[in-house]
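First comes the structure, then the notes that go with it.
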């Protein structure tokens, strides 16, 4: 099978990760993004003593049911891991860059799971805002219709009063 470069590496979460020689390293646990670009992945390794390690995305390829790191297994298993339940901070990013011999990146990274939750919350908030705007619009329409009904009722009452005066005066 031919390897391909992917745009949304987060679609491969849970897939096996292999090294350059085809040796299984672990599972793709998380993708960390800088802006829209995937820059690091978290690979969960080990049997009973599971550990997480950060791997640069550059050079990573994927197949139908796997991801392949551009590094030997040992290099990955010696790499620093992310802070528990958080995106890597500046110190961790520098440690990862040093470990792989890369220039440290600038800015912060966000986990794909955290981003998905943030975007879902934003979409829910937008949907709620649209719902509230619709309710306000409906209330405004109802208020306008009520005001129009009061105006018509007032006009009818005035006509009835004038008719009653005319009828009293004609008799």
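Points to keep in mind about this one:
- The range 12-25, subset surrounded by 12 or more Cβ atoms within 10 Å (Cβ to Cβ) and within 25 Å of the chain's Cα centre (by Cα), residue modelled with the lowest pLDDT: 12
- Pair list, Cβ < 8 Å and 6+ apart or interchain, from the range 66-78 residues that are surrounded by fewer than 17 Cβ atoms within 10 Å (Cβ to Cβ) to residues that are assigned to a loop (DSSP other than H, G, I, E, B): 70/20; 70/58; 70/59; 70/60; 72/19; 72/20; 72/21
- Of all residues in the range 12-29, those satisfying the criterion of being out of contact with any helix residue (DSSP H, G or I) (no Cβ under 6 Å at 6 or more places or on another chain) and closer than 17 Å to residue 80 by Cβ are 17, 26, 29.
- Check on residue 85, in a loop (DSSP other than H, G, I, E, B) and out of contact with any strand residue (DSSP E or B) (no Cβ under 9 Å at 6 or more places or on another chain): yes
- Boolean, residue 103 is in the same structural domain as residue 35 (by TED's automatic domain parsing), under 30 Å from residue 18 (Cβ atoms) and over 25 Å from the mean Cα position of the chain (by Cα): yes
The values are calculated or read from the model by the stated rules, or taken from the named source; none is laboratory data. This one's a predicted model, so the numbers in the text were calculated from it and none came from an experiment. Virtual Cβ from ideal backbone geometry, glycine too; neighbours counted across all protein chains shown.
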